[in-house]
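Chemist: Below is one structure. I have some questions about it.
The values are calculated or read from the model by the stated rules, or taken from the named source; none is laboratory data. Worth saying up front: this structure is predicted, and the values here are computed from it rather than measured. Reconstructed Cβ throughout: ideal geometry from the backbone, glycine too, with neighbour counts over all protein chains shown. For the accessible areas, the whole protein counts, side chains as well, though only heavy atoms, and no ligand, DNA or RNA atoms are used. Shrake-Rupley method; radii C 1.70, N 1.55, O 1.52, S 1.80 Å.
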Amino acid sequence: MTRDPDTPLILGFPEYREPARRLAAQTGLDYADIDIHTFPDGESRVRLPQQLPHQVFLCRSLDQPNRKLVELELAAAAALQLGARRLTLVAPYLCYMRQDTAFHPGEAVSQRIIGDLLARRFDTLITVDPHLHRTTTLQQAAPVRRAVALSAAAPMADRLLGRGDRPLLIGPDEESAQWVSAIAQPAGL
C-alpha cells in the first residue's frame, strides 16, 4: 500500500493497540500496528509498515519499562530509516521520572538519562501527569523540541462528581499529594 507522505500515521504497540486505535479514530488519522515478536532468548523483533509518512506518532504507555524502552528505541530508529522525519511519542505513563537527582553517591539519574534517550529520536513527547518533583518542566526532563504534559485531574474529578457519593482519595506516598489534591479539591473531596 502506498501512503501519502503528508498524511500522519499513528502506530500502536501490541499492548496499547486499542487506545492507539481510539486516538486515530478521534483525530481522523490513519492507524497501523507495530508487530513485536519475542525470541526465546528475550530479544524482540520489531516490525513497522514498510512505508511511513513524514509524521509518525508512536503510542505506548511506558509502565514496566525495561523491555518497552528497548522496543521503542528499535521502532523509532526503524521509523526514521523508513522515511519518517518527525516522530511524536504518545506515552500516557512516562517512566523513570522519579529519579531526578542522585540521592546517594553512585546513583544513576534516570530521569536525565531516559529523557536524553527519548530526545535523540523524538521531536515531540506527549504524556499525562509526569512525575516531576524537583524538575520544573517536562522539557527539562526530556529535552525534545516540544514537550506536552497533560493532566488527568479535571476529568477524574468530573467522573468522581458524577458518581453521587463522596469517596476518600488516598495516594501511595507523600509525593502523590499533588495529584490527589488536584483531583480532590475541585470535587470537594
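Chemist: When each pair of different Cα atoms in region 54-157 is counted once in the 1/r mean, what is the Kirkwood radius in angstroms, to one decimal?
Modeler: After inverting the pairwise mean of 1/r, the radius is 14.1 Å.
Chemist: If each DSSP helix of 4+ residues adds -39,500 (n - 2.57) and the sum is divided by the residues in the chain, what number results at 222 nm, nearest 500 deg cm²/dmol?
Modeler: Value at 222 nm, helices only, nearest 500: -10000 deg cm²/dmol.
Chemist: With the other protein chains left in place, how much accessible area per residue, in square angstrom, belongs to the chain at a 1.4 angstrom probe?
Modeler: Ligands and nucleic acids excluded, the result is 57 Å² per residue.
Chemist: Something else now. For a Förster distance of 25 Å, can you work out the FRET efficiency between the beta-carbons of residue 47 and residue 146, rounded to the nearest 0.05?
Modeler: The calculated FRET efficiency here is 0.35.
Chemist: For the chain, set up a Gaussian network in which alpha carbons nearer than 10 Å are linked by springs, and say which option among 144, 90, 70 fluctuates the most.
Modeler: Residue with maximal mean-square fluctuation among 144, 90, 70: 70.
Chemist: Under a no-solvent Debye model with one identical scatterer per Cα of the chain, what's log10 I(q)/I(0) at q = 0.13, 0.17 Å⁻¹?
Modeler: Scattering profile of the chain, log10 relative to I(0): -0.77, -1.14.
Chemist: What residue among 51, 139, 64 shows peak mean-square fluctuation when the chain is described by a Gaussian network model with Cα springs under 10 Å?
Modeler: Judging by the Gaussian network model, the answer is 64.
Chemist: Further, regarding this structure: By how many nm would the segment from residue 165 to residue 104 lengthen if fully extended, with 0.36 nm per residue of separation less the alpha-carbon distance?
Modeler: Taking 0.36 nm per residue and subtracting the Cα distance, the gain is 17.5 nm.
Chemist: Assign one of three labels to region 133-189, namely rounded, prolate or oblate, based on the Cα gyration tensor with a ≥ b ≥ c the square roots of its eigenvalues; rounded applies when a/c is under 1.5, prolate when it is not and a/b is larger than b/c, and oblate otherwise.
Modeler: oblate
Chemist: Can you list the equivalent-ellipsoid semi-axes of region 4-51, largest first and in whole Å, using the square root of 5 times each Cα gyration tensor eigenvalue?
Modeler: Computed over region 4-51, the values are 24, 14, 5 Å.
Chemist: Would you work out what percent of the accessible area of region 1-133, with all protein chains in place, is carbon or sulfur (probe 1.4 Å)?
Modeler: Whole-percent figure for carbon plus sulfur exposure: 50.
Chemist: I've got another one for you. Would you kindly state how much longer the chain becomes between residue 27 and residue 69 on full extension, computed as 0.36 nm times their sequence separation minus their alpha carbon distance, in nm to one decimal?
Modeler: 12.6 nm
Chemist: With the cut-off at 1.5 for a/c, could you classify region 44-88 from its C-alpha gyration tensor as rounded, prolate or oblate?
Modeler: Prolate, since a/c reaches 1.5 and a/b exceeds b/c.
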